[in-house]
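Scroll down for the structure; my scribbles are underneath it.
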Amino acid sequence: MRQRSVRVVIGVFVLVLTPLTVVVADQLFHSVRLSLVLTPDGARHEHPVLRSGHVVDIHPNGPVNGAHERYLLNGAKPNTSYNVVLRVFTGSCAGPADPGFDPLKTVTLTTDKQGNAQGKFDFPASAPQPTPIFFGVRWTLINNGVVAYDTDCITVGVD
C-alpha cells in the first residue's frame, strides 16, 4: 500500500513538471459549420435535396496547417462525383468576385450508392500577415459544370 502511494506521488510530480504544449486557436476567425443546400440549377438537373450536408472550416493558426476543411454529403445523387470549389470575393461577400483568385478546387467527393460522401482538404500555413486580410468565400459542389449545392457566403479573415 505504501509503495502504491509513493508511485502516485511521483506520478503527480512528473505531471506537474512536464512542460505543456501551448495550442492557441485563431482569434480572428472561429471555426464554422456551414450547411450545403440544393441550388435551383442543381434541382433542374435532378440533384436531390440533401438529408444533410455541410462544410466545416477550422483555422488552427499552427505552423503546419493554416486551415482544415471537412466536407460531408448525405443523400446526394448516388454514384456521382462533385468537385468542391471555393468562390472567393474581394473584402467580403458583398464585394465582387476577386480577379486575383480563380475558383479554387480543393477535392472531389464521390458518393456511394446511398448518395453519401465525405472528404477533407488542408491548406498549408502561410507567413503571418502584417495586417489581417478579409475576403468572402462560398463553397460550391459542382457536377458536370452544374453548381448542385452551395453554402452561404461568409467573410473569412487570415492573419
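A few remarks follow.
- Considering residues of the stretch 42-52 that are assigned to a loop (DSSP other than H, G, I, E, B) and over 19 Å from the mean Cα position of the chain (by Cα) only, the residue surrounded by the fewest Cβ atoms within 10 Å (Cβ to Cβ): Glu46
- Subset of the stretch 109-145 [surrounded by 18 or more Cβ atoms within 10 Å (Cβ to Cβ) and either farther than 22 Å from Arg33 by Cβ or modelled with pLDDT under 85 (or both)]: Phe135, Asn143
- Those residues of the stretch 66-108 which are at pLDDT below 95, crowded, with 16+ Cβ neighbours inside 10 Å and closer than 16 Å to Val146 by Cα, in sequence order: Leu86, Arg87
- Neighbours by Cβ (under 6 Å, 6+ apart or cross-chain): first from the stretch 121-134, in contact (Cβ under 8 Å) with a residue 12 or more places away in the chain; second among the β-branched types (Val, Ile, Thr) and in a strand (DSSP E or B): Phe121/Thr106; Phe121/Val107; Ile133/Val158; Phe134/Thr155
- All strands (runs of 3 or more DSSP E) inside the stretch 82-147 with 1 or more residues being over 28 Å from Arg44 (Cα atoms): 117-124, 133-143
- Selection status of Ser31, modelled with pLDDT under 95 and farther than 13 Å from Thr140 by Cβ: yes
- Filter pass, His59 being modelled with pLDDT under 95 and in contact with a Leu (Cβ under 9 Å, 6 or more places away or on another chain): yes
- Taken together, the residues in the stretch 53-81 that are part of a strand (DSSP E or B) and either closer than 16 Å to Ser126 by Cβ or more than 13 Å from the chain's Cα centre (by Cα) (or both) amount to 10.
The values are calculated or read from the model by the stated rules, or taken from the named source; none is laboratory data. Keep in mind it's a predicted model, so treat the numbers as computed, not measured. Because the Cβ atoms are built from the backbone with ideal geometry, glycine has one as well, and the counts that use them run over all protein chains shown.
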